[in-house]
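Reading through the C-alpha cells given below for one structure.
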C-alpha cells in the first residue's frame with residue numbers, strides 16, 4: 001500500500017508530493033513496526049510535522065484536531081505531564097498510535113487522489 005503512490009510517475013518531480021510521501025513513509029515506518037517503543041514515535045511525529053507544515057498557514061479543521069491528538073496521546077502521554085490514570089488507559093488500549101494512524105490514512109488518501117497541480121508548496125502560492 002505504501003508503494004502504490006509511486007505509480008503516479010508524473011508527480012515524482014513535485015516537491016509537495018515528495019514531502020507528503022516522505023511523511024507517509026516516516027509515519028508508516030513506526031505504526032506498522034512490531035517493535036516500536038516510545039522513543040521511536042519521534043520519527044512519526046516528525047512525519048506528522050512535515051505533513052502539517054505543508055498545509056501552513058491555514059490547515060483544515062481536521063488537521064488541528066489531529067495535531068491536538070498527536071500532542072496529547074503520542075507526545076505527552078509517556079511523560080509526567082500526563083495523569084497516571086490516563087496514562088494507564090493510553091497504554092492499555094494502545095492509543096499512542098491512533099492519531100498517527102489517522103494521519104497516515106489522510107496522507108495516503110491525499111497521495112492517491114490529490115492532483116498536486118504545480119511544483120510549488122501550498123504556502124508558496126501567490
Exercise for review: Scan segment 44-61 for residues that are in a loop (DSSP other than H, G, I, E, B) and buried (at least 17 other Cβ atoms within 10 Å of the Cβ) and jot them down.
Suggested key: none
Exercise for review: May I ask you to list the residues in segment 1-29 that are in a helix (DSSP H, G or I), touching a residue at least 24 places away in the same chain (Cβ under 8 Å) and under 15 Å from residue 104 (Cα atoms)?
Suggested key: 4, 5, 17, 19, 20, 21, 22, 23, 24, 26, 27, 28
**Study point:** Residue satisfying condition, being closer than 21 Å to residue 106 by Cβ and touching a residue at least 24 places away in the same chain (Cβ under 8 Å), within set 73, 67
**Key:** 73
Check your understanding: Can you tell me which residues in segment 9-24 are touching a helix residue (DSSP H, G or I) at 6+ places or on another chain (Cβ under 7 Å) and at pLDDT 90 or above?
Key -> 16, 17, 19, 20, 21, 22, 23, 24
Practice item. Could you pull out the residue among 81, 95, 67, 86 that is within 12 Å of the chain's Cα centre (by Cα) and surrounded by fewer than 17 Cβ atoms within 10 Å (Cβ to Cβ)? Key: 67
Practice item. Could you tell me whether any residue of segment 78-90 is on the phi < 0 side of the Ramachandran plot and touching a residue at least 60 places away in the same chain (Cβ under 8 Å)? Key: no
Practice item. Kindly indicate whether residue 32 is surrounded by 12 or more Cβ atoms within 10 Å (Cβ to Cβ), under 24 Å from residue 6 (Cβ atoms) and free of Cβ contacts under 8 Å to residues at least 12 places away in the same chain. Key: yes
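The values are calculated or read from the model by the stated rules, or taken from the named source; none is laboratory data. Predicted model, so just to flag it, every value in this text is computed and none were measured. Every residue, glycine among them, receives a Cβ derived from its backbone with ideal geometry; neighbour counts consider all protein chains shown.
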